[in-house]
Amino acid sequence: MRPHRFKNSNFVIVLTLSLLSIPLSQADVPEEEMTDANWIEHVGRDLIAPVSKNGLPFLLMGSAASAAAYPIKNRVKDLGEDRPLGSWSGAGYRLGFWTINVAYMASFALYGTLASDSEAIRKSLMMVRATVATGIITTGIKAFHFEQRPRHNGDRLSFPSGHSSNAFAFAGVIQRNHGWWFGGPAFAGATFVGLSRINDNAHYLHDVIFGATLGLSYAFGLDPSWSNRDHSKSIALAPLFTE
């Protein structure tokens, strides 16, 4: 089998690697004097959140579930041929396309700014961090063109499901920020998004499960706030492949 070549790539492939962990001697640096190195530290730590202490269980369990679903992918595809969700799947498509994420970010950022509420701004930033990091890694994996979509003449961007990763990143952040009273409905909505992608023959079951895995591992693997300081530094490499 010949290795796949990237063609007409307008996207960016991002491969993140944790390179080293070294003592950080910045405990006495005031927050307002943060340097570029501090931002690199935080971004790097965000990108490797799925392999962090809190994100790793979601990554391992979700990866195992996705692998288990792979052998039955065609059976699930056959179930989707009947389109049980009908026209409702269009709502799932729109919900998983950053719509609710952006609405949440904007509303909490606006309220936090007007009311000088730092907690509201923190919640908005948490959604930004989870959404962006999940989107970067999902797009990077898709760029390898691992699998063709189940629909006829579909492109090779099936694995993983971007709508599912985004929706579950949203649901995870909602649960962290607001508890299960709001997190429960958010997870129900994210599940609906994933099912809608199977309904539309846009993804296989294992695509949806692994997409959800990425979203959850970022939502729950991120530090609560960028202002938190620990004594380690993570650096991420992001090689860019473009035309």
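The values are calculated or read from the model by the stated rules, or taken from the named source; none is laboratory data. Keep in mind that this is a model prediction, so the values were computed, not measured. Backbone-built Cβ (ideal geometry, glycine too); neighbour counts: all protein chains shown. Accessible surface areas use protein heavy atoms only, side chains included; no ligands, DNA or RNA. Shrake-Rupley method; radii C 1.70, N 1.55, O 1.52, S 1.80 Å.
Pulled fully out, how much extra length does the chain show between Tyr93 and Thr139, if you take 0.36 nm times their separation in residues and subtract their Cα-Cα distance?
Answer, rounded to one decimal: 14.9 nm.
I need two numbers for segment 143-185: Rg to one decimal and Dmax as a whole number, Cα atoms only, in Å.
14.9, 42
Expressed as a whole percentage, what fraction of the accessible surface of segment 50-138 belongs to carbon and sulfur atoms when a 1.4 Å probe is rolled over the protein heavy atoms?
69
Gain in length, Arg75 to Leu60, computed as 0.36 nm per residue apart minus the alpha-carbon separation, to one decimal in nm?
Length difference between fully extended and current span is 3.0 nm.
Strictly greater than 17 Å: what percent of every Cα pair in segment 35-159 meets that?
74
How far apart, in nm, are the 7 Å Cα→Cβ label points at Arg122 and Ser107?
Inter-label distance under the simple model: 2.1 nm.
Could you work out the per residue convex hull volume over the alpha carbons of segment 111-202, in cubic angstrom?
So the per-residue hull volume is 95 Å³.
Using a probe radius of 1.4 Å on heavy atoms only, what accessible surface per residue do you get for segment 112-218? Whole Å² is fine.
37
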